[in-house]
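Worksheet: one structure, shown below.
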């Protein structure tokens, strides 16, 4: 007879072999976490505003309106509404648990993760050429954007050298430091990074302002991390003890 086990947050029983097969095929973790989420929100009731906001976010992200406009999609629409309600419930749960921590986390991350920059880039392995370009830009004989289009070695040349919006956390540390201390529209001195020479001109700095968007983002992230930890703990116990009934 197959050995039976029971997930601690679900009434359904599984054979241990079924769970092991799911694990081998790479499905176990995602199914386990989705079941854990469903258990967490089973008594959560989102308000109408949270439901409508979640609906708008999904429609915008996946262009779901095209699905709604097609005929004979009652099943898809039914499941879509269930997904919207589940996501709205998770959002409410995350806010209830973590909203008091969100603003402090935002302030810690703001400079590197949320503030945004636009900048122009010109890079080339030829040091002499880069300095010549620098003097042309300094004297306003040419612009970094025109020169980048013709002479930059990277893909930025197809966009006149313009990059952004970007967060500092995703940039080379030397470029990030230049953007932090620079002023808009001022070309920096040539700098060598790796095997290339760079000219960088900050174009625009957009400081992040704490808002409902960031609050929701941070709270959902904290909830996901909490659920991940619970999964690891429950999975370890399940495999260790097999929860025999």
- The residue that is surrounded by the most Cβ atoms within 10 Å (Cβ to Cβ), considering only those in the stretch 194-231 that are without any contact (Cβ under 8 Å) to a residue 60 or more places away in the chain and over 18 Å from residue 38 (Cα atoms), is 217
- Condition met for residue 28 (out of contact with any strand residue (DSSP E or B) (no Cβ under 8 Å at 6 or more places or on another chain), within 30 Å of residue 181 (Cβ to Cβ), modelled with pLDDT of 70 or more and surrounded by 14 or more Cβ atoms within 10 Å (Cβ to Cβ)): no
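A quick yes/no check of all residues on (1) part of a helix (DSSP H, G or I); (2) farther than 30 Å from residue 218 by Cβ; (3) modelled with pLDDT of 95 or more:
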{"position": "113", "(1), (2), (3)": "yes, no, yes"}
{"position": "117", "(1), (2), (3)": "no, no, yes"}
{"position": "130", "(1), (2), (3)": "yes, yes, yes"}
{"position": "147", "(1), (2), (3)": "yes, yes, yes"}
{"position": "164", "(1), (2), (3)": "no, no, yes"}
{"position": "199", "(1), (2), (3)": "no, yes, yes"}
- residue 100 being closer than 15 Å to residue 219 by Cβ and within 29 Å of the chain's Cα centre (by Cα): yes
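Being farther than 30 Å from residue 226 by Cα, in contact (Cβ under 8 Å) with a residue 24 or more places away in the chain and in contact with a strand residue (DSSP E or B) (Cβ under 8 Å, 6 or more places away or on another chain): is that true of residue 125 here?
Values: farther than 30 Å from residue 226 by Cα: yes; in contact (Cβ under 8 Å) with a residue 24 or more places away in the chain: yes; in contact with a strand residue (DSSP E or B) (Cβ under 8 Å, 6 or more places away or on another chain): yes.
For residue 125, the condition - farther than 30 Å from residue 226 by Cα, in contact (Cβ under 8 Å) with a residue 24 or more places away in the chain and in contact with a strand residue (DSSP E or B) (Cβ under 8 Å, 6 or more places away or on another chain) - is met.
So is residue 171 farther than 20 Å from residue 136 by Cα, in contact with a helix residue (DSSP H, G or I) (Cβ under 7 Å, 6 or more places away or on another chain) and surrounded by 12 or more Cβ atoms within 10 Å (Cβ to Cβ) or not?
Working: farther than 20 Å from residue 136 by Cα: yes; in contact with a helix residue (DSSP H, G or I) (Cβ under 7 Å, 6 or more places away or on another chain): no; surrounded by 12 or more Cβ atoms within 10 Å (Cβ to Cβ): yes.
No; evaluated as a whole, the condition is false for this residue.
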- How about the stretch 182-193: which of its residues are exposed (fewer than 15 other Cβ atoms within 10 Å of the Cβ) and in a strand (DSSP E or B)? 192, 193
- Message: Testing residue 161 on (1) on the phi > 0 side of the Ramachandran plot; (2) in contact with a strand residue (DSSP E or B) (Cβ under 7 Å, 6 or more places away or on another chain); (3) surrounded by fewer than 17 Cβ atoms within 10 Å (Cβ to Cβ), one condition comes back false. Which one is that?
- Response: (3)
- What are the residue pairs meeting all of these: first residue in the stretch 84-102, first residue free of Cβ contacts under 8 Å to residues at least 60 places away in the same chain, second residue part of a helix (DSSP H, G or I), Cβ atoms under 6 Å, and 6 or more apart or on different chains? 84/54; 84/55; 87/54; 88/50; 88/51; 88/54; 92/50
- Give 14, 75 a once-over and let me know the one that is modelled with pLDDT under 70, assigned to a strand (DSSP E or B) and assigned by TED's automatic domain parsing to the domain that holds residue 224. 14
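The values are calculated or read from the model by the stated rules, or taken from the named source; none is laboratory data. Just so it is clear, the model here is predicted, and its values are computed rather than measured. Methodologically, a virtual Cβ is constructed for each residue, glycine included, from the backbone with ideal geometry; neighbour enumeration extends over all protein chains shown.
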